[in-house]
Every structure is written in C-alpha cells, then in structure tokens.
1. Does R345 satisfy the criteria of being crowded, with 20+ Cβ neighbours inside 10 Å and among the basic types (K, R)?
2. State which residue is surrounded by the fewest Cβ atoms within 10 Å (Cβ to Cβ) when the search covers only region 72-98 and only residues that are in contact with a helix residue (DSSP H, G or I) (Cβ under 7 Å, 6 or more places away or on another chain) and within 17 Å of H372 (Cα to Cα).
3. When L286 is evaluated against the numbered criteria (1) crowded, with 22+ Cβ neighbours inside 10 Å; (2) hydrophobic (A, V, I, L, M, F, W, C); (3) on the phi > 0 side of the Ramachandran plot, which criterion, by number, is the only one it fails?
4. Among all residue pairs at least 6 apart or on different chains, which show Cβ distances below 7 Å where the first residue, located in region 206-228, is of a type in the set (K, R) and the second is surrounded by 18 or more Cβ atoms within 10 Å (Cβ to Cβ)?
5. So how many residues does region 321-364 have that are touching a strand residue (DSSP E or B) at 6+ places or on another chain (Cβ under 7 Å) and in a loop (DSSP other than H, G, I, E, B)?
6. Yes or no: region 31-46 includes at least one residue that is under 25 Å from T294 (Cα atoms), buried (at least 23 other Cβ atoms within 10 Å of the Cβ), aliphatic (A, V, I, L, M) and touching a Gly at 6+ places or on another chain (Cβ under 7 Å).
7. Taking the conditions exactly as written (at negative phi and at pLDDT 90 or above), does R334 satisfy them or not?
8. Can you tell me which residue among S308, S274 is modelled with pLDDT under 95, part of a loop (DSSP other than H, G, I, E, B), surrounded by 13 or more Cβ atoms within 10 Å (Cβ to Cβ) and polar (S, T, N, Q)?
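The values are calculated or read from the model by the stated rules, or taken from the named source; none is laboratory data. Computed from a predicted model, the values in this text were never measured in an experiment. Cβ placement follows ideal geometry from the backbone for every residue including glycine, while neighbour counts extend to all protein chains displayed.
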Amino acid sequence: MVKVLALVTVAICCYVSTVGGSCDRQTLPELSYTVNGANLAWPCVSTRNIYQSSGRYISRNIIATRTQIFKDEAYIALPRYKSGVPFTLGRISLKSKQCQAVLSPFPCWALQEEGNCQALQSAVDLFLDPQDILWVLDVGIVNTLEQPVRRCPPKVVAISVKTGKVVKILDLSALVSSASRLQYLVVDYAPDGRCFVYVSDAATRAILVYDVSAGKGYRVVLPKAVTAGCARRDVLYLALVRKSCGNNILYFTYLSSSRLFSIKAAYLRNGQASGAVVDVGPKPNLNKIVILGTDNGAAIFFRLKGESDIFMWNSETCFKPENFLLVQKGNECRLATQVVPGYKRLMWVIESNFQDFIANTVGCMGASVALHPLVKTCD
C-alpha cells in the first residue's frame, strides 16, 4: 500500500496556475498533448484524399475517449460514434516535442477496416495488463450517435504492445442479447495465472466474465439492488483494485445509482455472484459519480457528473467524503473520461468537451481533447 500511495504522491504535483479557469492552461506544457482528428499519420497524401472524398474521413467526427500508456506511448480509443473515423485504435508518442499529438493507427491500417469482422469496428475501452497485452473492447456497432449500424458481433481483441501482433480474439456474441450495451472492460489474473476479462453490460444488468485460458465465458447477473433508484440503466462503470491483503476487488456502479457496489474477483472467476455483492455505501450527497480509473493499486479516481474536479479515494478506507482527496481542479471546458498510470511514473488524465461533441456543437477542428499528467493546481 505504501508503494501505491507513493506513486500517487509523485503523480499529483502542485503548480501555480496563472490563468485560472482557462481550458488552455498547461501547468506541464512539455507533457501536455492535444489530440484531434485533424492530425493523423497517413500512409500518403493520396490515401488521405481518397478517404476524405469518400466520406470515410471527417476530422470533426473523431474523438479520443480512453487511453492506456506503455512506456513512452499512449494507446487511444477513437470510437466510431459518427461516420468518417478512419481508424478506431490509435497511438501517440509521449516523447514528441510537439504539443499537437500525431495519431497513427495501432497496430496497422489493416486492423481498422470497417465491415471486416476480423478487424476493429468501434473500440470503446482499453485495458493494458501486466503482461503488456492491450485488451480492446470492440462493440461492433458504428455511427452510434447518428444512425447506428451493427457491422460485426462484439469482441475483445488482445494485442501485444511490444510486437503489435494480435494474440487473442474473444467472441462475445454468445454472451449478449439484442438489448446488450457493452461499455467497459478490465482484465484480471487469478493466483494460478489464468486470465479473466470482465465486461460491463449496462442494459442487461450483468457483467460478462470470460475465462481466456478455458476459451469460454458466462454472464453474471447482478442483483436488482444495483439498479435501485435508477431512472434507467445508463452507464455501468467498472474499476478493478488490488488491496494490500492480496485480494482483487471489482467495484461497479450505475451512473444514476445512488450507491457504490463491489464483488471479490474470486467470486466472479467462479461464477458465484449470489450473495457476493457488497453495498459499499451511498455516493456523496447521492450525487452521480463518473469512475475514471485506478492507479493499479487500491486508489480509485472519479468525478461528479457534469463537474470537472477529479477526486481520489483510497479503497482501503471507508467510502465517505472525508476520505475523498481532490487531486485535480478542473476547468469549465473539458471533462475527464479516464485516469491511468503511465509515463514517468505519473498518473495521466484524458479529458475532452465530450458533451459538445454529443450535441454536435464542436467547431470545424472537432472535439477539444487533452492528454496530460494529473496535476493539482494551486491558487
């Protein structure tokens, strides 16, 4: 636990901001990157022209939402929420001296082909495991904010970040229904080395569990108490923490739920959900919280819905406001969508004006997306 808190302490630096409230303030400019669809790495100019003229490339329709960091590179999910997204999984270098990040497809263009079920259709979440494998949740549905089209069955694709090779594809079609809405994934390793993938299915109040070694999966239906008070089954967040006692615990909650829940990963691995779900407690002031990620230890990062301040909760303590630490004072322009550990042993945050993107009110340059270390600014 000391190691975990030390990492977080290193990550949460305190700097003086002279432009309070501005969405363009950069307290660590040398480690701050803007990510947008106008700055892609194309094989050649003619390829870009072909994509643009055919409508397969519309820069303002591209938004980066999720990330994972390996050494000095960030892997970024670019969901195909709208048409004109040429690739759905990208990569940027964090060693670049340019603040404007250049996005290149990962691992290659061939794996991005829309309509090819062996390729990625719409990557909505990423998870980098301890074996340096990047797991990608591909929902198989494109243009979800326009006219949704199901191109392929949902799947999870595992890619080695060292070699760029696809090492595993998990077909989730047998675990979902027509009503399913897959949103987040985490990857867990059992003490015996077996690998398990957990995927949230918000619409059916379930967590999909896939035993990678056995090549099979099953659905764990959550108790009705998980949706008590929810107006609808909106977003089902997941966060896997590693406690100092050695247990891996999966925390989860619906956005509109007033409470946080958890279950030991061991129960999920054994398919034993009955009586295993723990009510962790009420959310602060019954507010809707957005879970942003973990430090790969016991810390969970979150923000309140519609608010930009980022908080950290050490899950070894009680889930109460007095145990919530403000780790980044947000700005009025962007909202964080994920916090992850990474480059230079810092915690990193990806944030955007996602709300404007959904409302289709972004400018010709598209969404405003920033990737930078988690920094607590001071007055």
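1. Values: crowded, with 20+ Cβ neighbours inside 10 Å: no; among the basic types (K, R): yes.
No, not satisfied.
2. Step by step, filter region 72-98, then rank; the result is D72.
3. Looking at each condition in turn, L286 falls short on (1).
4. R219/L175; R219/A206; R219/L208
5. Here the count works out to 3.
6. Taking every residue of region 31-46 in turn, none turns out to be under 25 Å from T294 (Cα atoms), buried (at least 23 other Cβ atoms within 10 Å of the Cβ), aliphatic (A, V, I, L, M) and touching a Gly at 6+ places or on another chain (Cβ under 7 Å).
7. Values: at negative phi: yes; at pLDDT 90 or above: yes.
Answer is yes for this residue.
8. From the options S308, S274, the qualifying one is S308.
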